[in-house]
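Here the structure comes first, spelled out in structure tokens, and everything after it is commentary.
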């Protein structure tokens, strides 16, 4: 951990305060000046907005133009910024989805986003390229009413929840998914069971962070790091709004506050009829607004964030501190949920457990009763799609994600702004079909004014709860159907096809909730179950629909494109960036008549970027000889070795010694950065 002025700091295990190494004055460092993460001593490269994790909170206003300038200061990676939940009406090219609505912003480049948010609520912005959200590129975005009369009077705080690994970067997670994720003892990281019997992802995390801070816990629940806990202050008798945002790349969470129930008043930025609960459960991309009444004894209380895993879940904690309470850690206990006295939870991905009574997402009611789910005007304007999200093995034996058997391969251009250059659309050459897995682009096509119903299905060989996100829309959740770990919901007829991708239909047409259905932009689809959503196609664009688990959509291709009212899509701004692959021309390479020059040397010296061709005559006794690569450093140079092995020599390490270079018998070196030394005769570059 380092400060902006390059001081290396540490967290004191006794008082959880931060100090600089080698500072005899023991001056305390403000924790807000350091990215603390989980307090681990591991060095790790992270990617952040404006040097903070999470990035700075942006507070903007409904129906006012927002301008955000993004400068990519990373050395090696492109980036694009998606404003999660913002519909981007009239400005689809500002959605920030790489290779869908824009080209990545390359290192050194800048990009200005301009858009007008049309809904108030809790949103967030994050990178939409590769595994960069996992690396730290996420931050809150709050949209409020512009008029002072409607300004929120309740004091509010933001809670950003993320899963974290203190050693692995996003690319390392991607490769672990491709090649296997292993524990230090060499065993594969298992799929962990969750409290409802389903599996959670195999990805290994070291901690969970609240607003960029967390601790590492061992198998016995003992903290091995000492990061200071986030503290949220409240006045006794007052009400407090928490805006909770989950930016996890793989795990689902539940939040509770010791000794306090709270009301859930909004989901994904959309107001709902308040419901009182002990827990709220949220998956990646989901948000909830909570109202807490400070009606307990003045003191300190734990805010608990836990995964749904039955073991190794790496919880996170924050402190709810009443005004005038001592600044000490809480001693509060969580509520004891039992079969006799079960706790209540909102937004479970299951119907219930023995100790939890669930208020499921379709049971919640929209606060605006006039905002009903759309009803098709005719059969011609009703577009219904069955989309089964799951996993399958490709021809290489690798597990990939798919939607209806199609593993999405994003284009190498911006699909929205360079449609004439798109390639990879599914055709006969891709061999797609019932029960088959193919890799291509199979967009959903809808027309302006259509009523679109998407039936998200979650049935396959490996069943994990998937949070499904639709760009460009907030949709009505009109039905959710649940399965069991080994039992698929019987409402869906997959026609006996394991990939559920051959004219899937309803076996039992579910009752749909048209009136009071809540709006969301991300919905958790239960394992072996389904979620039915509806929206009116009135926002022309090319929109990304995908699982919001970053490892599923970025690496595994679990997504699909929505081609929405293509003829109505407005043209992009003048000078909008383009990108494409390049194929070299077919002209023959230029011939050269220059003869190669070789020099036989004892020592060859090269610098970064330089190359040399060497000719060696094998004129020594048959055996093994060291090839030595050494730096110029006098100590700590970390040499490298290879073996020159003659044919018929034993396969053993060499015992050869380097030549003894001396003033009497100096060695020869080519391309020195100096004239000579006492033991080296240099043939320099100009010679």
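Only the coordinates and a few stated rules stand behind these numbers; no lab work does. Small disclaimer: the values here were computed from a predicted structure and weren't measured. All Cβ positions, glycine included, derive from the backbone under ideal geometry; neighbour counts span all protein chains shown.
Data for the structure
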{"quantity": "Along each principal axis, Cα extent of segment 179-309, largest first, Å", "calculated": "54, 33, 24"}
{"quantity": "Share of alpha-carbon pairs per 10 Å distance bin for the chain, given as whole %", "calculated": "3, 13, 22, 22, 16, 11, 7, 5, 2, 0"}
{"quantity": "Cα-based helix-to-principal-axis angle, 170-179 vs the chain, degrees rounded to 10", "calculated": "80 degrees"}
{"quantity": "Anisotropy class of segment 216-256 from Cα gyration tensor, a/c 1.5 cut", "calculated": "oblate"}
{"quantity": "Mean Cβ neighbour count within 10 Å, used as a protection proxy, ranking 342-353, 50-61 highest first", "calculated": "342-353, 50-61"}
{"quantity": "Beta bridge orientation in the chain: antiparallel %, DSSP, nearest 5", "calculated": "70 percent"}
{"quantity": "Taking segment 379-568 and dividing mean pair separation by its residue count, relative contact order in percent (alpha carbons under 8 Å, at least six apart)", "calculated": "30 percent"}
{"quantity": "Relative contact order computed over the chain (Cα-Cα under 8 Å; 6+ residues apart), in percent", "calculated": "11 percent"}
{"quantity": "Largest-first principal axis extents, alpha carbons of segment 379-568, Å", "calculated": "43, 41, 30"}
{"quantity": "CD proxy at 222 nm, helix term only [per DSSP H run n ≥ 4: -39500 (n - 2.57); per residue of the chain; nearest 500]", "calculated": "-500 deg cm²/dmol"}
{"quantity": "Global form of segment 469-515, assessed from the alpha-carbon gyration tensor, a/c cut-off 1.5", "calculated": "prolate"}
{"quantity": "Spread of Cα-to-Cα distances over 10 Å intervals beginning at zero, given as percent, for segment 433-485", "calculated": "13, 43, 37, 7"}
{"quantity": "Protection proxy ranking, peptides 24-37, 211-224, 524-537, 569-582, average beta carbon neighbours within 10 Å, highest first", "calculated": "524-537, 211-224, 24-37, 569-582"}
{"quantity": "Spread of Cα-to-Cα distances over 10 Å intervals beginning at zero, given as percent, for segment 380-441", "calculated": "20, 41, 33, 5, 0"}
{"quantity": "Relative contact order (%) - criterion: Cα under 8 Å, at least six apart; region: segment 148-359", "calculated": "21 percent"}
{"quantity": "Considering only segment 148-359, percent of DSSP beta bridges that pair antiparallel, nearest 5", "calculated": "70 percent"}
{"quantity": "For segment 279-347: rounded, prolate or oblate by the Cα gyration tensor [a/c cutoff 1.5]", "calculated": "prolate"}
{"quantity": "Packing-based ranking, highest mean first, of 662-674, 133-145 given that Cβ atoms within 10 Å are counted", "calculated": "133-145, 662-674"}
